[in-house]
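One structure is given here, and the rest of the page talks about it.
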Amino acid sequence: MTEINKIENFNNMTEINKIENSLQLLRTQLINHELYTNIKSIEDIGVFMKVHIFAVWDFMSLLKALQSELTNTSIPWTPKGDKLTRRLINEIVLCEESDYNENNEPSSHFEMYIDAMTQINADTSIIKKFISSLDKQIDYKSALDSLDLSLTIKHEIKDFIDFTFDIIKTKKVHLIASIFTFGRENLIPLMFIKIVRRFNTQNNSNLSKFVYYLDRHIQVDAEEHGPMALNMIRQLCGNDSSKWMEAQDVCIEALEKRIKLWDSINKEILANKI
C-alpha cells in the first residue's frame, strides 16, 4: 500500500468515527428506549412486530435502490461502477433477499419475519394488504392510507418511509448507503433480543422463528454486512468532505425518525394495557 493510500484510508476511518460519534447520543436513546422495558408479553412483541415489519420492508427498498445505483440491472448489461463496491452490494443482496431460514430453505429476511409473526399469531393482515396493494401498482402512500392502523402509528410509519424514499429519490448514492449502514436494523439492542429469548424459553418455542431471525441478523451484521457496508461508505465518500458531512447529517435524521417510530410503538403497547 502506498503512503497516499495509507493516508486516504486513515482519513476515511476518521470520517467514519466522526459519524459514529455524532450518532452516539441517538443510538443510546434507542438502545435504552422504554419500549423494551414495556414489552412484557408475547402480545406486546406482536404489536412491536406488526409495526416493525414496515421498517424491514423499508430496509429492502433501500437495499434495492443501492443495487440499482451501484450495479447494472438493465439490459443489455455493461459493467458499472467500482468493482469492489459492486461485489459488496451484491453479496448483501444475496443474503437479504435469498438467505436460508431455520429449515435451510431459501427465504428473504422479510419473509422470515412474516413467518415469525405467523408463528405467534401476530397480525400479518396489515403488511400483507400493503404488499398486495404495491403488487397492484398502488403507490405506497395510498397503500398506507388504506390500512387499519391507529392514526399515530400510521403517521409515524408514513413519516419513516417518506424519509427513506425522499433520500432514494435524490439518487445520491452516498446518502442512501449512509442510512442503510448507520440507521437500520443493527439498532435492535441485545436487551430486546434477551427479552425475546426469555419468552421463547418460557412459551414452548413460540418465538423460535423470531429468535432465528434476530440471531441471523446479529451474525451477518457483525461478521459480514457491517464491515462490507463501512467499506462501501469509504468508497462512495472517498476524500470528499462535503459528502461525509451530508452523510453525517442524513444519518442523524434517520435515527431521529427511528426514535419517533419507537415512541409510537411504545404508546400503542401501553394503550393496549389499559
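The values are calculated or read from the model by the stated rules, or taken from the named source; none is laboratory data. The model shown is predicted, which means the values in this text are computed figures rather than measured ones. Heads up, the Cβs are rebuilt from the backbone with ideal geometry, glycines too, and the neighbour counts pull from every protein chain shown. Side chains included, ligands, DNA and RNA excluded: accessible areas come from the protein's heavy atoms. Shrake-Rupley method; radii C 1.70, N 1.55, O 1.52, S 1.80 Å.
Brief remarks on what is shown
- The test for being part of a helix (DSSP H, G or I), closer than 17 Å to Arg258 by Cβ and of a type in the set (Lys, Arg) does not hold for Lys169.
- Listed by position, the helices (runs of 4 or more DSSP H) contained in the stretch 107-160 that have at least 1 residues being among the β-branched types (Val, Ile, Thr) and open to solvent by 40 Å² or more (accessible area, probe 1.4 Å) are 109-119, 125-135.
- Remark: pairs (first residue in the stretch 132-144, closer than 17 Å to Phe160 by Cβ; second residue part of a loop (DSSP other than H, G, I, E, B) and modelled with pLDDT of 95 or more; Cβ separation under 9 Å; 6+ apart in sequence or on different chains) = Ala143/Lys136.
- Scanning the stretch 220-264 for residues that are of a type in the set (Phe, Trp, Tyr) and within 27 Å of Met49 (Cα to Cα) gives a single hit, Trp262.
- Taken across the stretch 68-83, residues that are open to solvent by 70 Å² or more (accessible area, probe 1.4 Å), assigned to a helix (DSSP H, G or I) and modelled with pLDDT under 95 do occur, with at least one present.
For (1) surrounded by fewer than 20 Cβ atoms within 10 Å (Cβ to Cβ); (2) not small (Gly, Ala, Ser), each residue gets a yes or a no:
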{"site": "Val211", "(1), (2)": "yes, yes"}
{"site": "Gln219", "(1), (2)": "yes, yes"}
{"site": "Glu224", "(1), (2)": "yes, yes"}
{"site": "Ala229", "(1), (2)": "no, no"}
{"site": "Ile233", "(1), (2)": "no, yes"}
{"site": "Lys243", "(1), (2)": "yes, yes"}
{"site": "Cys251", "(1), (2)": "no, yes"}
{"site": "Glu268", "(1), (2)": "no, yes"}
{"site": "Ala271", "(1), (2)": "yes, no"}
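- Among residues of the stretch 24-41, those that are hydrophobic (A, V, I, L, M, F, W, C) and either at positive phi or out of contact with any helix residue (DSSP H, G or I) (no Cβ under 6 Å at 6 or more places or on another chain) (or both), counted: 2
- You will find that of Lys171, Lys257, the residue that is open to solvent by 20 Å² or more (accessible area, probe 1.4 Å) and at positive phi is Lys171 and no other.
- Just one of the listed residues (Ile176, Ile138) is touching a helix residue (DSSP H, G or I) at 6+ places or on another chain (Cβ under 8 Å), at negative phi and not small (Gly, Ala, Ser), namely Ile176.
- Single condition Gly226 does not satisfy, out of (1) within 16 Å of the chain's Cα centre (by Cα); (2) free of Cβ contacts under 8 Å to residues at least 60 places away in the same chain; (3) more than 23 Å from Leu30 (Cα to Cα): (3)
- Only one entry of Thr170, Thr201, Thr181, Thr164 meets the criterion of being free of Cβ contacts under 8 Å to residues at least 40 places away in the same chain and closer than 30 Å to Trp244 by Cβ, and that entry is Thr170.
- Reported count of residues in the stretch 93-106, each being touching a Phe, Trp or Tyr at 6+ places or on another chain (Cβ under 9 Å) and open to solvent by less than 20 Å² (accessible area, probe 1.4 Å), is 2.
- Within the stretch 20-51, if we keep just the residues that are assigned to a helix (DSSP H, G or I) and small (Gly, Ala, Ser), the residue that is farthest from Ile153 (Cα to Cα) turns out to be Ser22.
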